[in-house]
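A short worksheet on the structure shown next.
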Amino acid sequence: LPKFSHKGFMDKLTKIQGALIGGAIGDAIGFIVEKKPIVVVQEFANTLSRTGEYTIPFRTYPKDYEFGQYSDDTQFSKLLILAHLEQKPYLQYLLADFKSDKLIGLGKNTRTILSHYLNKPDEVVEVKLLDNISNGSLMRTGVIGLLYHKESELKYHSRSHSQLTHNTPDALNACEMLSSVVSQLIEGVNPHKIVEKFSPEMKHLILKGMWTHSPEELRKEILKRTELAKEWQGVPPLAQDTLHAALVSFMKFHDKSYKDLLVHTLSLGGDTDSTCSIAGALWGACNGVDKIDAEFRYIIHDHKQFNEAYFMTLGMEVLNYRNK
């Protein structure tokens with residue numbers, strides 16, 4: 001076991017487990033109303049807030065999906081962890097699940113790139129990314145912050161991971177920032193001190209967002225920077241905007257309940273599985289798995305596998321790897 005107190009060991013363990021499960025819950029709940037009209041998303045979020053009920057009234061799932069099924073955001077995160085733990089190429093895991101059609105909700109960019117690697121595994125991909133999608137590598141990069149704590153390792157692994165599918169300055173910088181934030185939270189750094197380390201531009205965006213009084217106000221601020229407002233009606237699938245929305249939600253609700261965080265992040269609309277997944281993982285990394293509302297923890301699964309118990313065990317393996 002790592003050479004620090006039992007209390008310190010357990011604190012980090014519950015934070016890692018909290019990040020894994022908090023992210024998976026956010027993904028599963030956000031997946032239900034991803035890209036739905038904002039009035040539909042708000043109705044869903046308001047019902048969740050008032051009654052605690054969360055059904056599937058707006059999204060038609062294939063017959064083999066059941067409530068609590070998370071998307072490729074969490075699937076990819078799990079595979080990325082396994083690749084590092086077992087010291088095997090990440091792409092090997094992706095292509096295996098891609099060929100067996102296990103990946104759920106793949107974006108156009110990722111599907112195109114994986115198809116390329118499937119046919120030409122030794123040829124570096126040169127597929128041009130769609131200009132309006134850059135957050136494909138961001139959602140799963142948070143787990144790099146669970147596995148590593150040295151800044152040099154965080155930078156190298158987060159950027160290497162992003163380059164595989166999203167090799168753009170926007171994606172690379174956002175991935176590096178997210179992994180760093182997650183790692184600092186695991187180490188117990190105060191969230192407000194973490195903000196002080198951001199670039200002046202991101203620090204300004206986060207602090208300005210924290211002063212907003214409602215999800216609607218924050219959503220308008222985010223959509224001022226993009227032309228995707230009509231298509232998404234909420235947070236668009238851009239790396240900087242996704243990270244901005246998730247960080248603001250986390251900073252506003254890190255000392256409140258997980259449910260409050262989830263309701264606020266859902267209400268931003270747009271790419272809800274991504275923003276809720278990241279915000280949920282940050283909240284879990286800050287507060288630990290035991291603080292997550294029990295009503296949510298049991299629902300997560302992937303085709304009736306890889307549920308809460310799986311991630312609790314995986315969290316132990318991640319902590320042992322982090323402390324090597």
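Here are some notes:
- Residue with peak Gaussian network fluctuation, the chain [Cα springs, cutoff 10 Å], from His192, His166, His84: His192
- Percent accessible area from carbon and sulfur atoms, the chain, protein chains only, probe 1.4 Å: 52
- Efficiency of FRET between Gln87 and Ser49 - r from beta-carbon atoms, R0 51 angstrom, step 0.05: 0.70
- Mean Cβ count within 10 Å, highest first, over the residues of peptides 245-252, 270-277: 270-277, 245-252
- Checked against a 25 Å cut-off, the cross-linked pairs Lys193/Lys252; Lys120/Lys304; Lys193/Lys224; Lys155/Lys203 give Cα-Cα distances beyond that limit for Lys120/Lys304; Lys193/Lys224.
- Accessible surface area normalised per residue over the chain is 44 Å², counting heavy atoms of protein chains with a 1.4 Å rolling probe.
- Separation of alpha-carbon centers, the stretch 249-320 and the stretch 157-222, rounded to whole Å: 17
- Over the stretch 135-250, Cα pairs under 8 Å with separation of 6+ residues give a relative contact order of 28 percent.
- Distance cut-off 12 Å, percentage of C-alpha pairs in the stretch 268-310 lying past it: 67
- Modelled spin-label separation between Trp211 and Ser160, with each label point placed 7 Å from Cα along the Cα-to-Cβ direction: 4.2 nm.
- Rounded to whole Å, the principal axis extents of the Cα atoms in the chain read 50, 45, 43, largest first.
- Links that overshoot a 24 Å alpha carbon limit, given the list Lys150/Lys197; Lys108/Lys259; Lys36/Lys220: Lys108/Lys259
- Structure-based [θ]222 nm, the chain - -39500 (n - 2.57) summed over DSSP H runs of at least 4, per residue, nearest 500: -19500 deg cm²/dmol
- For the peptides 254-263, 174-183, 20-29, 93-102, the ranking by packing is 20-29, 174-183, 254-263, 93-102, with the highest mean count of neighbouring Cβ atoms within 10 Å listed first.
The values are calculated or read from the model by the stated rules, or taken from the named source; none is laboratory data. Nothing here was measured: the structure is a model prediction, and the numbers come from that model. As a convention, Cβ positions derive from the backbone with ideal geometry for all residues, glycine included, and neighbour counts pool all protein chains shown. Note: areas computed on protein heavy atoms with side chains; ligands, DNA, RNA excluded. Shrake-Rupley method; radii C 1.70, N 1.55, O 1.52, S 1.80 Å.
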